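Contents: one structure, followed by commentary.
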Amino acid sequence: MTLYKAVAARSGGIARQVDEITEAYVRNFIKRCHETGIILTIEDPSNPGILIAEVHTCSPGIKVFSHLLSDLTIAVHPDYQGKGLGSLLFRTLLQEIKSKHPEIRRVELIAKESNQKAIRFYKKFGFRVEGRLKNRISGKTGGLEADIPMAWIRQD
């Protein structure tokens, strides 16, 4: 939980507030991703068992969407950002999808429009902007901003 709370506390972090990061929340997405998706983690090399980075995505659980993974979330502890861990997780995730999950044709995520750094990061891995959902997300200052749906589509 420490990783997710640290990331939620930062501007541009995950789309959860710190008080929403509970054991039940973490257990739920871990369970869903182990059952219907992929979860990859990186532990602190000097403190094994402590997560410093993680990416997860899972199936929506509906047969007509069985070819896609959605709700992609990446979390890199602020102390470890800028060290290539996010890129390592994304490369590994996409390689695993390409090599072990031929049934997956599409991976979806949503980024806040104000988080241009994240949008550039996702584009670097082949994700494309698919629209703009105006006034969808409440910002920390109380204003509304757009969410940007993005997708990676298998090209073979």
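Nothing in this text is a laboratory measurement; each read-out follows from the coordinates by a stated rule. All figures in this text were calculated on a predicted structure; none of them were measured in a lab. Cβ: placed from backbone, ideal geometry, glycine included. Neighbour counts: every protein chain shown.
Entry note, the chain: relative contact order of 18 percent, from Cα contacts under 8 Å with a spacing of 6+ residues. Evaluating 6.51 cos²θ - 1.76 cosθ + 1.60 at θ = phi - 60° for every residue in segment 2-9, the Karplus couplings come out as 4, 4, 5, 5, 5, 6, 5, 6 Hz, glycine and proline recorded as x.
Note on residue 83: lysines with a C-alpha under 22 Å away, same-chain residues under 8 apart excluded, are 5, 117, 123, 124. Evaluating 6.51 cos²θ - 1.76 cosθ + 1.60 at θ = phi - 60° for every residue in segment 81-87, the Karplus couplings come out as 6, x, 10, x, 5, x, 5 Hz, glycine and proline recorded as x. Here's how it looks for residue 127: its modeled amide H is under 5 Å from none belonging to a residue 5 or more places away or on a different chain. Taking every DSSP helix (H) stretch of at least 4 residues in the chain, weighting each as -39,500 (n - 2.57) and dividing the sum by the residue count yields a mean residue ellipticity at 222 nm of -9000 deg cm²/dmol. Estimated at 0.36 nm per residue, the fully extended path between residue 124 and residue 18 surpasses their Cα-Cα distance by 35.3 nm. Would you list, by chain and number, the lysines whose Cα falls below 18 Å from the Cα of residue 134, excluding same-chain residues fewer than 8 positions away? Once the sequence-local lysines are set aside, what remains near residue 134 is 112. The gain in end-to-end length when the residue 25 to residue 141 segment is fully stretched comes to 39.4 nm, 0.36 nm per residue minus the alpha carbon separation. Under 5 Å between amide hydrogens, built in the peptide plane, is the criterion, and for residue 70 it picks out 58, 59, 108 among residues at least 5 positions away or on other chains.
In this structure, the amide hydrogen of residue 43, modeled 1.01 Å from its nitrogen in the peptide plane, lies closer than 5 angstrom to those of 52, counting only residues at least 5 positions away or on a different chain. The string of couplings for segment 99-115 from the Karplus curve (6.51, -1.76, 1.60, θ = phi - 60°) is 8, 10, 9, x, 6, 7, 9, 8, 10, 10, 8, 10, 10, 5, 4, 6, 8 Hz, one whole number per residue in order, with x for Gly and Pro.
Ordered by the number of other Cβ atoms lying within 10 Å of each residue's own Cβ, fewest first, 150, 1 fall into the sequence 1, 150.
Here are labelled values, (i) 37, 15, 10; (ii) 133, 12, 9; (iii) 22, 21, 16, and one is the computed semi-axes √(5λ) of the Cα gyration tensor in Å for what I pasted. Which one? The value matching this structure is (iii).
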